[in-house]
Amino acid sequence: QKYGYYHCKDCNIRWESAYVWCVQGTNKVYFRQFCRTCQKSYNPYRVEDITCQSCKRTWCTCPVKMRHVDPKRPHRQDLCGRCKGKRLSCDSNFSFKYII
């Protein structure tokens, strides 16, 4: 799971997502995301690890984890290529093998 930056060239809308699924050890994206306006699917133009803003590590032991993601923000299943049309969401605690 990585963090991605998206841009819809048709609507000129930009968005970011903490639900970018890549091949392990690479930035090759498995699933596209859909623009909320025109519903066209896109790969992110930039992908990075989800890191702690305090220590800049992917996995850390900081007492207060400051990440550039908001864990309270709901995941948009209707715009996610991985979980669109599935019963369970990417943000659930279940493995992807149970979503298929």
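Please work out if Phe94 is at pLDDT 85 or above, among the hydrophobic types (A, V, I, L, M, F, W, C) and assigned to a loop (DSSP other than H, G, I, E, B). Working first, answer last.
On the way: at pLDDT 85 or above: no; among the hydrophobic types (A, V, I, L, M, F, W, C): yes; assigned to a loop (DSSP other than H, G, I, E, B): yes.
When the stated conditions are applied, Phe94 does not pass them.
Which of the residues belonging to the stretch 33-56 are under 15 Å from His7 (Cβ atoms) and out of contact with any Cys (no Cβ under 9 Å at 6 or more places or on another chain)? Explain how you work it out, then say what you get.
Step one: of the stretch 33-56, the residues under 15 Å from His7 (Cβ atoms) are 33-38, 40-47.
Once the filter is applied, which keeps residues that are under 15 Å from His7 (Cβ atoms) and out of contact with any Cys (no Cβ under 9 Å at 6 or more places or on another chain), the stretch 33-56 yields Asn43, Pro44, Tyr45, Arg46.
Yes or no: the stretch 65-76 includes at least one residue that is open to solvent by 80 Å² or more (accessible area, probe 1.4 Å), assigned to a loop (DSSP other than H, G, I, E, B) and modelled with pLDDT of 75 or more. Step through it out loud before you land on a result.
Taking the stretch 65-76 and keeping what is open to solvent by 80 Å² or more (accessible area, probe 1.4 Å), we get 65-66, 70-74, 76.
From the residues that got through so far, the ones that are assigned to a loop (DSSP other than H, G, I, E, B) too are 65-66, 70-74, 76.
Next, only the ones that are modelled with pLDDT of 75 or more stay: 76.
Checking the stretch 65-76: at least one residue is open to solvent by 80 Å² or more (accessible area, probe 1.4 Å), assigned to a loop (DSSP other than H, G, I, E, B) and modelled with pLDDT of 75 or more.
Determine the pairs where a residue that is more than 23 Å from Asp10 (Cα to Cα), located within the stretch 20-47, has a partner that is in a strand (DSSP E or B) with Cβ atoms under 8 Å apart, the partner being 6 or more residues away or on another chain.
From the stretch 20-47, the pairs are Trp21/Lys2; Trp21/Val29; Cys22/Lys2; Cys22/Val29; Cys22/Val47; Asn27/Lys2; Asn27/Val47; Lys28/Cys22.
Condition first: open to solvent by less than 90 Å² (accessible area, probe 1.4 Å) and either modelled with pLDDT of 75 or more or in contact with an Asp or Glu (Cβ under 7 Å, 6 or more places away or on another chain) (or both). Can you find one or more residues in the stretch 83-91 that meet it?
Within the stretch 83-91, the first condition is being open to solvent by less than 90 Å² (accessible area, probe 1.4 Å), and the residues that meet it are 83-86, 88-91.
Within this subset, residues satisfying the condition of being either modelled with pLDDT of 75 or more or in contact with an Asp or Glu (Cβ under 7 Å, 6 or more places away or on another chain) (or both) are 83-84.
Looking for residues that are open to solvent by less than 90 Å² (accessible area, probe 1.4 Å) and either modelled with pLDDT of 75 or more or in contact with an Asp or Glu (Cβ under 7 Å, 6 or more places away or on another chain) (or both), one finds at least one in the stretch 83-91, hence yes.
Being open to solvent by 50 Å² or more (accessible area, probe 1.4 Å) and in contact with a Gly (Cβ under 8 Å, 6 or more places away or on another chain) is the filter here; which residues of the stretch 7-18 pass it? Give the derivation first.
Quick first cut of the stretch 7-18, residues open to solvent by 50 Å² or more (accessible area, probe 1.4 Å) only: 9-10, 12, 14, 16.
Correct list: Glu16 only.
Consider Lys28 against the criteria (1) more than 12 Å from the chain's Cα centre (by Cα); (2) open to solvent by less than 50 Å² (accessible area, probe 1.4 Å); (3) not aliphatic (A, V, I, L, M): it satisfies all of them except one. Which criterion is unmet?
Single failed check for Lys28: (2).
The values are calculated or read from the model by the stated rules, or taken from the named source; none is laboratory data. Every value quoted in this text rests on a predicted model; they were computed, and no experiment measured them. All Cβ positions, glycine included, derive from the backbone under ideal geometry; neighbour counts span all protein chains shown. Protein only, heavy atoms only, side chains kept; ligands, DNA and RNA dropped before computing areas. Shrake-Rupley method; radii C 1.70, N 1.55, O 1.52, S 1.80 Å.
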